[in-house]
Amino acid sequence: MTLGVGGKTQQEALAMLSSMASSANPIEITEYNARIAKAQSLMQQQGIAATYLNAGTNLHYFTGTRWYASERLVGAILPASGEVEYICPHFEINTLKGYMQVEASVSGWHEDESPYELVMRVLAKNNIHSGKLAIDESTDFFVFDGLRQANSQLDYINAKSITAACRMHKSPQEIALLQQAKNMTLEVHKAVAQILKVGISTQEVTDFINQAHQKVGASGSYFCIVLFGEDTSYPHGVKNPKTLDVNDTVLIDTGCQLHGYNSDITRTYVFGDASARQREIWEHEKAAQLKAFNAAQIGTPCSQVDTAARDYLASKGLGPGYQVPGLPHRTGHGIGLDIHEWPYLVGNDHTPLAEGMCFSNEPMLVIPGEFGVRLEDHFYMTSNGPKWFTQPSYSIDDPFGYAEAVKVSDTKRSVTFNTNY
């Protein structure tokens, strides 16, 4: 049996977990103000008069105000110079103020009024009647269309050159939050491996993972994929998942949020004894993950990280390219307040790697009709190159490194004994 897999009840596994979130500090107001200043500097450089931030991640990133998009326009105008101003339904103004981190004036629209005309009036207060208005790239089309009809003199452009340019470079505090979220999910992975038994359903495992995330201090799982056997060859799951059998491949992909920042870790191992085929593919996956990590150097295009993993796999008869058996999707994605964000480790993203960028590293192998293997850990870029948030799986027989930990402990005891002697 794979080390660390099976042997405990759910109650026993949960009892081993405790909250890990208390030491994590949320983003402070000084950082939100610095983000706004950076965005305004970029807008001035690019000749952009203002940026419209829609309810959702970008509004949260720049102002700390968490509000989710709906059919009613809620957002903010960030001018290239001057103060941010929120826009929301009039009856939501006091509620919105309660969520504000960056405090600013709010303009409200009544249900029988046009929010798009209100946006134009806010822009006019900043002497903006024409020129470039950058629209948050996550904005629903109906909002963009309403703005365009309200003022056809503006040049509407994608705000990605502002939003992504700021968000893809994480601050030390963001990296600390990402680190702790990932630490929490890794402990959940260790716990869930121990409750596996013949006949357990994916729903039982999913429910346990949610409870385990709550036990380590999250509100629950942000997402969860649990797959057994041949189902693991479908990267994002199947309609009717199977229950667990002896010697099944197990793939579990899950994460949580900590002050809005995401974890996203996948572990693949065998419930029982790995066959030669399972072992071979697992080792190729681990090697491809390491190839990608080593290729991630400051200034290297994102595409070359993807190529490094894919070239190795092709040398082993997998692929080539995005063909299966092989790696059918990108090697990795950026992560932060969104679980998938720019830039991406994929063949058509040539963004140079830079300090503060954070990525998943998951060159999943799909063997149709047999099984799949995804080992997903994340790394961030330092001035000296990549650094893992979580250490990759050690081996198919010891995915969480329990045997390795014993070796290290024994070595330390030996050194201490020899020194004292």
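The values are calculated or read from the model by the stated rules, or taken from the named source; none is laboratory data. For clarity, every value in this text was computed on a predicted model and none was experimentally measured. With ideal geometry, Cβ positions are generated from the backbone for all residues, glycine too; neighbour counts draw on all protein chains shown. Each accessible area value is taken on the protein alone, full model and side chains, heavy atoms only, with ligands, DNA and RNA left out. Shrake-Rupley method; radii C 1.70, N 1.55, O 1.52, S 1.80 Å.
Of all positions in segment 298-314, none carries a residue that is assigned to a loop (DSSP other than H, G, I, E, B), crowded, with 19+ Cβ neighbours inside 10 Å and among the charged types (D, E, K, R). Do we have ILE157 as touching a residue at least 60 places away in the same chain (Cβ under 8 Å), buried (at least 19 other Cβ atoms within 10 Å of the Cβ), out of contact with any His (no Cβ under 7 Å at 6 or more places or on another chain) and on the phi < 0 side of the Ramachandran plot here? Here the answer is no, as ILE157 does not meet what is asked.
Among the residues of segment 259-292, count how many are β-branched (Val, Ile, Thr) and either touching a Pro at 6+ places or on another chain (Cβ under 7 Å) or on the phi > 0 side of the Ramachandran plot (or both). Residues flagged as β-branched (Val, Ile, Thr) and either touching a Pro at 6+ places or on another chain (Cβ under 7 Å) or on the phi > 0 side of the Ramachandran plot (or both) within segment 259-292 amount to 0. Set side by side, the residues LYS182, LYS170 differ, and just one is crowded, with 19+ Cβ neighbours inside 10 Å, among the basic types (Lys, Arg), touching a residue at least 12 places away in the same chain (Cβ under 8 Å) and not in a loop (DSSP other than H, G, I, E, B), which is LYS182. For GLY372, the conditions (1) farther than 18 Å from ASP264 by Cβ; (2) more than 20 Å from the chain's Cα centre (by Cα) all hold with the exception of (1). One residue stands out among those in segment 1-25 that are open to solvent by less than 80 Å² (accessible area, probe 1.4 Å) and of a type in the set (Ser, Thr, Tyr): the one that is nearest to the chain's Cα centre (by Cα), which is SER19. Of the residues making up segment 200-222, those that are open to solvent by less than 50 Å² (accessible area, probe 1.4 Å) and either outside any helix (DSSP H, G or I) or free of Cβ contacts under 8 Å to residues at least 60 places away in the same chain (or both) number 12.
What number of residues within segment 223-234 are surrounded by fewer than 18 Cβ atoms within 10 Å (Cβ to Cβ) and either in contact with a Ser or Thr (Cβ under 9 Å, 6 or more places away or on another chain) or within 19 Å of SER263 (Cβ to Cβ) (or both)?
First pass over segment 223-234, keeping only residues surrounded by fewer than 18 Cβ atoms within 10 Å (Cβ to Cβ): 223, 230, 234.
In the following step, the residues that additionally are either in contact with a Ser or Thr (Cβ under 9 Å, 6 or more places away or on another chain) or within 19 Å of SER263 (Cβ to Cβ) (or both) were identified as 223, 230.
Residues that pass the stated criteria total 2.
On the given criteria, is LYS197 open to solvent by 70 Å² or more (accessible area, probe 1.4 Å) and among the charged types (D, E, K, R)? In short, yes.
Might you check whether a residue that is assigned to a strand (DSSP E or B) and either open to solvent by less than 60 Å² (accessible area, probe 1.4 Å) or modelled with pLDDT of 95 or more (or both) occurs anywhere in segment 270-293? Talk me through it step by step, then tell me what you get.
Of segment 270-293, the ones assigned to a strand (DSSP E or B) are 270-271.
From the residues that got through so far, the ones that are either open to solvent by less than 60 Å² (accessible area, probe 1.4 Å) or modelled with pLDDT of 95 or more (or both) too are 270-271.
Taking every residue of segment 270-293 in turn, at least one turns out to be assigned to a strand (DSSP E or B) and either open to solvent by less than 60 Å² (accessible area, probe 1.4 Å) or modelled with pLDDT of 95 or more (or both).
In the list GLY336, GLY369, GLY321, which residue meets the criterion of being in contact with a helix residue (DSSP H, G or I) (Cβ under 8 Å, 6 or more places away or on another chain) and either open to solvent by less than 10 Å² (accessible area, probe 1.4 Å) or of a type in the set (S, T, N, Q) (or both)? Working first, answer last.
Working: GLY369 fails: either open to solvent by less than 10 Å² (accessible area, probe 1.4 Å) or of a type in the set (S, T, N, Q) (or both); GLY321 fails: either open to solvent by less than 10 Å² (accessible area, probe 1.4 Å) or of a type in the set (S, T, N, Q) (or both).
GLY336 is the lone residue from the list that is in contact with a helix residue (DSSP H, G or I) (Cβ under 8 Å, 6 or more places away or on another chain) and either open to solvent by less than 10 Å² (accessible area, probe 1.4 Å) or of a type in the set (S, T, N, Q) (or both).
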